[in-house]
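Student: The structure under discussion is supplied below as structure tokens; questions concerning it will follow.
The values are calculated or read from the model by the stated rules, or taken from the named source; none is laboratory data. Just so you know, these numbers come straight off a predicted model, no measurement behind them. Cβ atoms come from the backbone with ideal geometry, glycine included; neighbour counts cover every protein chain shown.
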Amino acid sequence: MILKKVIFFTIITVLIQGTALSQNLPISNDAILTKQQAIDDYNILYSSLINYHPNPFLYVAENDFKAYFEKQKSNLPDTIDALAFQYICRQLTSQIRCGHTFASISPLKKWIDANKGKTFYCHLI
């Protein structure tokens, strides 16, 4: 009986800690992108999705995807924080409607430095 309680509390503790730790984002809101930096990164994301995804237009028409991209790009503000920009990038990626494709912030500073400040990468599974 005591062993069951110990196992139960251990599992609960691990689950609570895992949930709490998963909420920490690898980037702070202090990172601010200019409009040109955001446009450059957004263009890279778009071209990566088009060129590297095996079939980006399986669930969405190419014209609709391009129109969504252009509309979002034209609506970018003069400055944008990295988290808001990540949200915009994820919206573009979700237009493909493929659960294996996502955009996220790179937590690796070396990777960011090596890519001249480009903070987002596209990962296809």
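Student: Please enumerate the residues belonging to segment 70-110 that are among the β-branched types (Val, Ile, Thr), at pLDDT below 90 and closer than 21 Å to residue 56 by Cβ.
Tutor: Once the filter is applied, which keeps residues that are among the β-branched types (Val, Ile, Thr), at pLDDT below 90 and closer than 21 Å to residue 56 by Cβ, segment 70-110 yields only 101.
Student: Follow-up question, since we're still on this one. Going by what's in this entry, would residue 38 be described as in contact with a Leu (Cβ under 6 Å, 6 or more places away or on another chain), small (Gly, Ala, Ser), at pLDDT below 95 and not in a loop (DSSP other than H, G, I, E, B)?
Tutor: It is true that residue 38 is in contact with a Leu (Cβ under 6 Å, 6 or more places away or on another chain), small (Gly, Ala, Ser), at pLDDT below 95 and not in a loop (DSSP other than H, G, I, E, B).
Student: Just give me the residues in segment 72-98 being crowded, with 16+ Cβ neighbours inside 10 Å, assigned to a helix (DSSP H, G or I) and touching a strand residue (DSSP E or B) at 6+ places or on another chain (Cβ under 7 Å), in sequence order.
Tutor: The answer is 82, 85, 86, 89, 93.
Student: Here is a follow-up. I'd like the residue in segment 49-69 that is more than 11 Å from residue 98 (Cα to Cα) and exposed (fewer than 12 other Cβ atoms within 10 Å of the Cβ) and, out of all such residues, is modelled with the lowest pLDDT.
Tutor: Per the criteria, the residue is 51.
Student: Same structure, new question: Quick test of your reading of the structure: residue 113 fulfils all but one of (1) more than 16 Å from the chain's Cα centre (by Cα); (2) modelled with pLDDT of 80 or more; (3) surrounded by fewer than 12 Cβ atoms within 10 Å (Cβ to Cβ). Name the failing condition by number.
Tutor: (2)
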